Amino acid sequence: MKTLKKIILAITVIIFAACEDVVDVEVQEGPKRLVVEASLDWEKGTDGNVQTIRLRESTPFFNTNANTEVTGASVVVTNDDNGATYNFEDQGNGEYLTTNFEPVLGQTYSLRIEYNGEVYTAKETMTPVTDITNVFQDRKDGFDDEVLEVHVVFTDPEEEGNHYLFKFQRDGDLLPDLEEGKDEFLNGNEIDWWYEIEEDDNTEIEPFKPGDVVNIGMYGISKSYYDYIKILISQLGGVGLFESTPVDVKGNCINTTNPENYAFGYFRLSQVVKTSYTFVED
Amino acid sequence: MNSKSQLNPISKCTVWLLWSLFLGCMSAIGQTSHTISGTITDKSNGETLFGASVFLSGTTIGGVTNEYGFYSVTAPEGKYVLSISYMGYNEVNIEIDLNHDMVHDVEISEFSTALEEVVVMADEPERAILRKPEMSVVKMNIGTVKQMPVVLGELDVLKSLQMLPGVTNNGEGTGGFHVRGGAQDQNLVLLDEAIIYNTSHMFRFFSVFNADAIKDVKLYKGGIPASFGGRVSSVLDIRQKDGNSKNFELNGGIGVISSRLTAEGPVFGDKGSFLIAGRRSYVDLLLKAAGDENSVSFYDLNLKTNYSINRNNKLFLSGYFGRDAFKLGSSFDSSYGNSTGNLRWNHIFNDRLFSNLSAILSRYDYDLEFAQDEFEWLSSITNYNLKYDFKYYLSDAFKLDFGANGIYYDFNPGEVNPTAETSPVNPLKLDQKKALESGLYVSAEHKLSPKLTAQYGLRYSAFSRFGGQPISTYANNRPVVYNPELGIYERGEATGETNFDKGDVIETFGNIEPRVSLAYLLNEESSIKAGYSRTAQYIHLLSNTSSVTPLDVWTPSGPFIKPQLSNQYALGYFHNFKDMVYSLEVETYYKTVDNRIDYIDGSDLIGQNTIETEILNGEMRAYGLELLLRKNEGDFTGWIAYTLSKSEQRTLGGTAGGPGINNGNWYNASFDRTHDISLSGAYQLNDQWSFGTNLVFQTGRPVTYPNGQYVYEDLSIASYAPRNSDRLPAYHRMDVSINYKPRKYQNKRFKGEWVFSVYNLYSRKNAASISFGQNLETGANEATRTAIFGIVPSLTYNFKF
């Protein structure tokens, strides 16, 4: 139902666009928390041995100081069936690296982080993803039928309950765009997922044009990660009148020492297919 | 203690009420008196007048006309002067010799006729009403609405009501309204008795009520009479005009956004009249002319006709059809709207017993078409309502209202139909839900002493949810489960389904709803009043957005959603002073609502067949103080309204476990306003020029702002403060209007009038919302304010002939 949500957003934008401006607002300052970006992404066709986990700290909302890396933590991932453990080495820059991870589809893994005398744990299953069968460009779809969009075509597997995360980023753009999907209304069908960049008077960001390269990632994700990332994505770029009251999104990393001091972020294990597309003159 | 002897407060109240009713009926027996009854109408157009005072001069005997202009006054034999008064009308006094039961239909005329409604702010009903126990009620005549400045030249009943204490909105550009800290779906909105489910056009910029077709507007903020039921916060009772029964008349207006035309006149000889009013916006035509592919438009149509079979029998047929359309290029097309119809039969059994039977249909539906994904999405709610109401004028001291009604609901929460074979979307139909809501009531208005009047009544309401659909079952009967490790609410594990056939009743609810109010006259200028009411609401609007959208869906109570139950207590002081030129009304209230649903984090309501997995049952409480000071007469008229209030919500984990939403703490309702000050004034310079102004100041609406950020997936993610613990900046604005009636029309049949108005004169950028996000170019976090209206001037030309 991404379409419906986008429509409501578009309605809001069309009516209100003319009267938006950036203002100074005072906000509250919440507690500082550990941020776990433990995304063990296994690209199809690779061995997936090299994996990185990033640890950071949260900051006040308008803080521009980016010095948030967490060092000195111990980070271990365990295969729940055979007990194999993978130590992630502290790289001194907030990154923790392993080179001998062995991904197995459908396998459950556990994450254990020890930091500042507190222990954080999480559990997640490596989720498979189907193949992308076609990538092409067009103009007629999307909200604006004049701008270029990229289409990602794939066939949803027979069994119900597949969840997807899409990551699109144009070469040269500062930020990626995330979209989530599920097969609830589309189970087993061939799905044509499009992505376009709309014209926005408030920024210099322009729609796709011939010569642009867009990088595409399609991740197989678990139901619980879908629930998590869906809220997170819906709150990106702010929450307007027609959207739900924003909430603190809680991930799956539990602080077993002091549950109140929970961590942000997620321990995710995903199979991913990556591709890129160069727009041509049409 | 023997528990059997203990009655709960509701039962106690019920017993007391029944006993009082019995005593009241007994008191009326054995007196030798006669009755005078009849209908009060406007001399110029034959419209019946609702709320006109009919009194025997020099006594306290009398009352007011009902919705159909009918009155009945019973007094001991004797000679009297029957005095009839109504706001803006000349008082009529008729000498009568009451020695037998008699019928007197009276026509009364306005102070000044035609388009000069502007001056009419005088006389009894717009003053504080002292004797009647009726409190927490706002009655607005359309003349008052017409003299207030408006946005884009569109008269708007709902916006005018928001200038009064206790009524507010959820931010600019929101067409709905909130009463005494209640939610939008807790208002029962009736147009000629038919339920209106969506009160606004064009994404809530305009109300669906065309002021030209409306006779009067009555809002019950509390003390809801027992004849109404089904919503816990308020009743907005809007009545359409019957149509001019004397002359054919054409009214119209040409505005910036839309134009309207109303035709009315006599039909069936002198036996009836009709009214047809139409309104259409033309933004879409302008967009089309400008080559824009997007389009937005609305229209509505009001119809009414009536036929008098004889003195004691009259038929009314009324209808409303409104539709909005919104088109986004070639990819998306949508439309939504209300349709209603009502056939009524007024029957006067005798000079003391009046009755009305209504058969009412209402429907709200929307249709979304997604051209590129090749599917359409439909949703609707339809109800059929049969209602029989009686008013029995037993004696001057005792009047009885009683009746029954049944509403059959048909809910279509959503269906998806592929529109082409190549559509990637599978067809889907959510469970169709059916229910019957019925009510039985009796209510008395009882003059206990010359100074003390009581209004007390009981409503028994019942709700049956019918089968024809499966109901999911869950492990441990818990559709929502708290995950203590992650600290979040998750959907429960479905274990199967129970199938209910069409004839089956899935669940039945019943509630006794006592309503009591008292008025005590302190002296000829002031009175105090107190009231208690209990109300039940069986259908709920599902909306997890901070503001209601036209796409939200209604759902009935059932195995997992309980009826909302409300108790409201109110106390008031009413005072008229300086020869009744000024009036002061002060009221305080305290209100609780049980079983108010709220939504778990990340709830998904679109296309959701099992709503119970997305919600938790919570509660609301609201309290406040309302002040209204009015100047009712003179060249300058107007009012100052001030409301100090608090509205909160709390949702505990309940059977799902865990602390609940927002950690189980109370949080501000999104429409809570601590301070709300409105000033409305009108000045009549001469018969050509008049001026109006509005001044509004409100505490900003509660919102949830970020309280931190972190980097995840190369993006800055905001973490959020507790729910609704921040506030938007204060809202304020000033509007002005100028009315000009050219002198050349003054003695002609054709009358014209120019209305120039400026909304938000000093162009304050009031924030409708502030959203927080990352600047796409710099990556820095920023706050973006959305303001809907800057300064909005508009010009409208109204005509009549």
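The values are calculated or read from the model by the stated rules, or taken from the named source; none is laboratory data. Note that this is a predicted model, so its numbers are computed, not measured. So basically every Cβ, Gly included, is an ideal-geometry build from the backbone, and we count neighbours across all protein chains shown.
Descriptive notes on the structure:
- Within the range B:266-294, tally of residues that are without any contact (Cβ under 8 Å) to a residue 24 or more places away in the chain and at positive phi: 2
- Considering residues of the range B:509-542 that are small (G, A, S) and surrounded by fewer than 20 Cβ atoms within 10 Å (Cβ to Cβ) only, the residue nearest to the other protein chains (Cβ to nearest Cβ): B:G510
- Subset tally (residues that are outside any loop (DSSP other than H, G, I, E, B) and either within 14 Å of chain A (Cβ to nearest Cβ) or among the polar types (S, T, N, Q) (or both)) for the range B:557-596: 9
- The residues listed here are B:F411, B:F398, B:F402, B:F349; of these, the one that is more than 14 Å from every other protein chain (Cβ to nearest Cβ), in contact with a His (Cβ under 8 Å, 6 or more places away or on another chain) and either within 30 Å of A:E184 (Cβ to Cβ) or not β-branched (V, I, T) (or both) is B:F398.
- Which listed residue is in contact with a Ser or Thr (Cβ under 7 Å, 6 or more places away or on another chain), of a type outside the set (S, T, N, Q) and not in a strand (DSSP E or B), from B:L776, B:L761: B:L776
- The strands (runs of 3 or more DSSP E) located wholly in the range A:186-282 that include 1 or more residues which are closer than 28 Å to A:E118 by Cβ and not assigned by TED's automatic domain parsing to the domain that holds A:F143 occupy A:264-278.
- Scanning the range A:237-266 for residues that are at the interface with chain B (Cβ under 7 Å from one of its Cβ atoms), surrounded by 24 or more Cβ atoms within 10 Å (Cβ to Cβ) and at pLDDT 80 or above yields A:P246, A:N252, A:F264, A:G265.
- B:F375, sole failed condition from (1) within 14 Å of chain A (Cβ to nearest Cβ); (2) under 25 Å from the mean Cα position of the chain (by Cα); (3) aromatic (F, W, Y): (2)
Matching residues to (1) part of a strand (DSSP E or B); (2) touching a Cys at 6+ places or on another chain (Cβ under 6 Å); (3) modelled with pLDDT under 90:
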| position | (1), (2), (3) |
| --- | --- |
| B:D672 | no, no, no |
| B:I677 | yes, no, no |
| B:N686 | no, no, yes |
| B:F691 | yes, no, no |
| B:N707 | yes, no, no |
| B:P722 | no, no, no |
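- Of all residues making up the range B:779-801, the number that are outside any loop (DSSP other than H, G, I, E, B) and either free of Cβ contacts under 8 Å to residues at least 60 places away in the same chain or facing chain A (nearest Cβ under 7 Å) (or both): 8
- Set B:A454, B:A494, B:A475: member being touching a His at 6+ places or on another chain (Cβ under 6 Å) and not polar (S, T, N, Q): B:A454
- Residues of the range B:73-95 that are farther than 17 Å from B:T32 by Cβ and either assigned by TED's automatic domain parsing to the domain that holds B:L315 or in a strand (DSSP E or B) (or both): B:V81, B:L82, B:S83, B:I84, B:S85, B:Y89, B:V92, B:N93, B:I94, B:E95.
- One residue from B:G176, B:G182, B:G222, B:G229 being within 14 Å of chain A (Cβ to nearest Cβ) and either part of a strand (DSSP E or B) or touching a Ser or Thr at 6+ places or on another chain (Cβ under 7 Å) (or both): B:G176
- Apart from one condition, A:L105 fits all of (1) exposed (fewer than 13 other Cβ atoms within 10 Å of the Cβ); (2) more than 14 Å from chain B (Cβ to nearest Cβ); (3) in a loop (DSSP other than H, G, I, E, B); the exception is (1).
- Enumeration of residues in the range A:18-44 that are within 21 Å of the chain's Cα centre (by Cα) and more than 20 Å from B:T704 (Cβ to Cβ): A:L34, A:V35, A:V36, A:E37, A:A38, A:S39, A:L40, A:D41, A:W42, A:E43, A:K44
- Checking each residue in the range B:481-508 for being part of a strand (DSSP E or B) and either more than 14 Å from chain A (Cβ to nearest Cβ) or small (G, A, S) (or both) picks out B:A494, B:T495, B:G496, B:E497, B:T498, B:N499, B:F500, B:V505, B:I506, B:E507, B:T508.
- When B:D242 is tested against the conditions (1) crowded, with 24+ Cβ neighbours inside 10 Å; (2) under 14 Å from the mean Cα position of the chain (by Cα), the lone failure is (2).
- Here B:V217 fulfils each of the conditions (1) part of a loop (DSSP other than H, G, I, E, B); (2) under 23 Å from the mean Cα position of the chain (by Cα) apart from (1).
- Search result, residues across the range B:572-586 that are in contact with a Phe, Trp or Tyr (Cβ under 8 Å, 6 or more places away or on another chain) and touching a residue at least 60 places away in the same chain (Cβ under 8 Å): B:N576, B:S583, B:L584, B:E585
- Among residues of the range B:301-325 being more than 30 Å from B:T39 (Cα to Cα) and touching a residue at least 60 places away in the same chain (Cβ under 8 Å), the one that is farthest from the other protein chains (Cβ to nearest Cβ) is B:G322.
- Among the residues making up the range B:747-778, those that are within 12 Å of chain A (Cβ to nearest Cβ), surrounded by 20 or more Cβ atoms within 10 Å (Cβ to Cβ) and not polar (S, T, N, Q) are B:A767, B:A768, B:I770, B:F772.
- In the range A:23-42, the residues that are within 7 Å of chain B (Cβ to nearest Cβ) reach residues that are of a type in the set (G, A, S) with C-beta atoms within less than 6 angstrom, at least six apart or across chains, in these pairs: A:V23/B:A783; A:V25/B:A783; A:Q28/B:A721; A:G30/B:G708; A:G30/B:S719; A:V35/A:S58; A:V35/A:G265; A:E37/A:G265.
- Leading residue by the ranking (nearest to B:E172 (Cα to Cα)) among those in the range B:713-723 that are facing chain A (nearest Cβ under 7 Å) and touching a residue at least 40 places away in the same chain (Cβ under 8 Å): B:R723
- Pairs are defined by a Cβ separation below 7 Å, a sequence spacing of at least 6 or placement on different chains, a first member in the range B:76-97 that is on the phi > 0 side of the Ramachandran plot, and a second member that is modelled with pLDDT under 85 and assigned to a strand (DSSP E or B); the pairs so defined are B:G88/B:E110.
- Residues in the range A:53-86 that are away from every other protein chain (no Cβ under 13 Å) and assigned to a strand (DSSP E or B): A:S74, A:V75, A:V76, A:V77, A:T78, A:N79, A:T85, A:Y86.
- Of residues in the range B:598-636 being within 14 Å of another protein chain (Cβ to nearest Cβ) and part of a strand (DSSP E or B), the one nearest to B:T693 (Cα to Cα): B:D598
- In this structure, B:T495 does not qualify as over 19 Å from B:I600 (Cβ atoms), in contact (Cβ under 8 Å) with a residue 60 or more places away in the chain and of a type in the set (S, T, Y).
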